[in-house]
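Visitor: Quick one: structure below, then a few questions.
Taken together, the values in this text are just the output of simple stated rules run on the coordinates, not laboratory data. Since we're looking at a predicted model, the values are computed, not measured. For neighbour counting, all protein chains shown are included, and Cβ atoms are generated from backbone atoms with ideal geometry for every residue, glycine included.
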Amino acid sequence: MSHETLIMFTLFVAIAVVVIYWAAGRSTSSRGFYTAHREISGMHNGWAIAGDYMSAASFLGITGLIAFYGFDGFMYAIGWLVAYLTVLLLVAEPLRNAGRYTVADVIGFRLGGRGVRAFAALTTLTITMLYMVAQMVGAGSIINLLVQRISEPIAIVICGLLMMVYVLFGGMLATTWVQIIKSGLLLFASLALSVLVLLHFNFSFGSFFAAASHAAGTATTGTVGTLNLMQPGRYFNGPHAGLDLISLAVALVLGTAGLPHILMRFFTVPSAKAARHSIAWAMTLIGVFFLLTSVMGLGAATIVGTHHIGKHVANVEAIRYINFTDPSNAPALNAELREFGYIVPHQDSNVAAPLLADALGGSLLAAFIAAVAFSTILAVVAGLTIAASSAFAHDIWYTLVRNKSSGEREQLFVARLSALAVGAISIALAVKLRGMNVAFLLGLAFAVAASANVPALILSLTWKRFTRLAAISSMAAGLGSSLLLIALSPVVLHEHAIFPLQNPAIVSFPLALLVAFLATLLKRDPQSEAMFSQLQVRANTGLGAEV
Amino acid sequence: MQHHHLTAREWDKLAADPQFQALLRERRRFVIPASIFFLLFYLSLPIGIAIAPTFMGKPAFGGLTVAFALGLLQFVMAWGVLFLYMREAKIFDLKAEAIATRAHEEFAP
């Protein structure tokens, strides 16, 4: 481990510890733990939402996807930005006014009843877990890249343990401030790196894009080899390319409105107006950030070269690898070792950004970028853990198991205990799934969020006739079908796939919506209809939202 | 169940209030067309790529392909809709506040 890296990592963890220490005294109630007492300002919340989005998966994942696949990686960035319009126009303000701690509060507002709450909690737990695994996989890649002696599984475990400390002691307030600080650092780092990339091309976009069109990338199938990075089709190719791309687009643009850890952020602000302002801040920051990731991704492809994006292996280890692991490629690998001083046995798209930093700014900048990415993962995972633990402690334990009779101390204890459990499970899953591109893994989490949560959430806020039965069946259909289709897809079954698309949203979202409509028309629900005036007035005016 | 100080009858009365109904209508008049517009605008990009991948890969200007240029246009669209909504929502806020204040006076304990 280089000294710069060690110092940077220690510095960043130290900053976080100070924030946690400061926040620890302020989050002694469950309301503080979940929502920071609803006292976060719109601007601060906007920076924190941007922080949730400028995650390791988008920073490392999108930069990597763009470096390897060009435009197809850029599609993720577009979808994730436009997705905030769904949140802005349809969800954020009524959600802020109708809910208190969790998504289940909103879906269960007039559809009160144990089934609705249990299902809403179940979808929250599933989505956050999928999302968290993607982040942890990213953590494994980056720590392993920097500290080669630490293997990926151990890196994932270290990251998971640190994150638990954040959540257990700091709660929502600490998590929010860690996010805000991190957003600032990450934007600064991305800006610096992008300027260096453009400087490399003398600030001429023409020659930058021209170089990107000529950069060698990974060619997967015959026709793809002729496509350059500026053209669509390098990632999504083959017979179902078009549908696959559309399905991903549906998942991305609708999924954000169903992500529990993002929705939960709107419970931390004092008013619907502040919720709206936080989105304005977030969309501005996220948009700029994604433009920068494109510059970094194309920069990594042209300046570093995709062939070199992966763990660099030098000296004795390289020779051992050539002689024992891959002797059939010995001549080519030996030539590479002579030319560059290292070999790259496996390409890893997740490390494009830090390697670009190393190529342009030397090891100090690379250490800074890696430390920022690392702190990003911790902060995002902490936010996810709060969302998951509140779903368990508030929805399942307090409301369902204890029938709202448990005391403050017990709730907080259960929340912390479930944070521990969620952390442990996702660590185990991430260790199993390491090596997959993290942006791609996230695409699946978005598909589940879009299908399981979005129809039930939007319809419960807007449709008077919507019923408990419909909410439960829509959530069940969305969750079940999206998970089942992923299990039958090429992602899991490879060439034996039964469902041909990589992303299930194009089937599972319409299905969940259809089920919601049919179930609503099947049987009326007078209690749900009677509660609608209260929900509607409250959601649109904020009356009764402060209790 | 949420805590609230108003009775079901009072909530119904508020929901039926002409001012409140007018606010809902105005909101819908903005939100529904805006949502349809941005979803169609966004989905037209992947659908366009699915239908005409070769055309989307053709150079447009300044070294950008058609697909990349249209992708950047999505950023402009997203920020544009955001700007318009933020402007519109100020009016919704005033009306919502007026209704809330009136309700507080009318139903204050």
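Visitor: Roughly how many whole Å is it from the C-alpha centroid of region B:42-85 to that of region A:473-547?
Guide: Cα centroid of region B:42-85 versus Cα centroid of region A:473-547: 29 Å apart.
Visitor: Could you check the simple spin-label distance between B:Phe83 and A:Asn323, using points 7 Å along Cα→Cβ, in nm with one decimal?
Guide: Once both label points are built, they end up 6.5 nm from each other.
Visitor: Sticking with this one: Averaged over its residues, how many other protein chain Cβ atoms are within 10 Å of peptide B:26-33's Cβ atoms?
Guide: Shielding by partners across B:26-33 averages 1.
Visitor: Given the protein assembly as shown, what whole percent of its Cα pairs are spread farther than 37 Å?
Guide: Above the 37 Å cut-off, the protein assembly as shown has 34 percent of its Cα pairs.
Visitor: Using the structure shown, list the pairs from A:Lys404/A:Lys523; A:Lys464/A:Lys523; A:Lys404/B:Lys13 with a Cα-Cα distance above 25 Å, or answer none.
Guide: With Cα atoms farther than 25 Å apart: A:Lys404/A:Lys523; A:Lys404/B:Lys13.
Visitor: Follow-up question, since we're still on this one. To the nearest 10 degrees, how steep is helix A:272-299 against the longest Cα principal axis of chain A, on a 0 to 90 scale?
Guide: Helix A:272-299 and the main axis of chain A meet at about 20 degrees.
Visitor: Can you tally the net charge around A:His308? Count Lys and Arg as +1, Asp and Glu as -1, for every other residue whose Cβ sits under 14 Å from the Cβ of A:His308.
Guide: Here the charged neighbours net out to -3.
Visitor: Using alpha carbon centroids, what distance separates region A:31-54 and region A:382-439, in Å?
Guide: Distance between centres, Cα-based: 19 Å.
Visitor: Please compute one quarter of the surface area of the Cα convex hull for region B:8-107 and express it in square nanometres.
Guide: Quarter of the Cα hull surface area: 8.6 nm².
Visitor: Sticking with this one: Based on the mean of other beta carbon atoms within 10 Å per residue, what is the order of A:511-518, B:97-104, most packed first?
Guide: Output ranking for A:511-518, B:97-104: A:511-518, B:97-104.
Visitor: Determine, for each peptide in A:283-292, A:132-141, the mean count of other beta carbons within 10 angstrom over its residues, then list the peptides with the highest first.
Guide: Ranking, from highest mean packing down: A:132-141, A:283-292.
Visitor: While we're on this one: Give, in nm to one decimal, the length gained when the segment between A:Leu522 and A:Ala421 is fully stretched (0.36 nm per residue of separation minus the Cα-Cα distance).
Guide: That works out to 32.4 nm of additional length.
Visitor: Report the label-to-label distance for A:Lys464 and B:Ala69 in nanometres (one decimal), using points 7 Å from each Cα along the Cα→Cβ vector.
Guide: 5.0
Visitor: Let me ask something additional. Tell me, what is the percent relative contact order of chain A, built from C-alpha pairs under 8 Å that lie six or more residues apart?
Guide: 30
Visitor: Let me ask another. Given H placed 1.01 Å from N in the peptide plane, which residues other than close sequence neighbours of A:Gly310 have an amide H under 5 Å from its amide H?
Guide: Under 5 Å from the amide H of A:Gly310: A:Asp348.
Visitor: With a cut-off of 8 Å between alpha carbons and a minimum separation of six or more residues, what is the relative contact order of region B:8-107 in percent?
Guide: 31
Visitor: Restricting to DSSP loop positions (anything but H, G, I, E, B) with no more than 13 other Cβ atoms inside 10 Å of their own Cβ, which trypsin sites (Lys or Arg not before Pro) remain in region A:105-206?
Guide: A:Arg149
Visitor: Kindly put A:Lys311, A:Lys523 in sequence by how many other C-beta atoms sit within 10 Å of each C-beta, fewest to most.
Guide: Ascending Cβ contact count within 10 Å gives the list A:Lys523, A:Lys311.
Visitor: Hey, another quick one. If each of B:Arg29 and B:Arg102 carries a label point 7 Å out from its Cα toward its Cβ, how far apart are those two points in nm?
Guide: 1.7
Visitor: Any chance you could give the angle, 0 to 90 degrees and rounded to 10, that helix A:114-146 forms with the longest Cα principal axis of chain A?
Guide: 20
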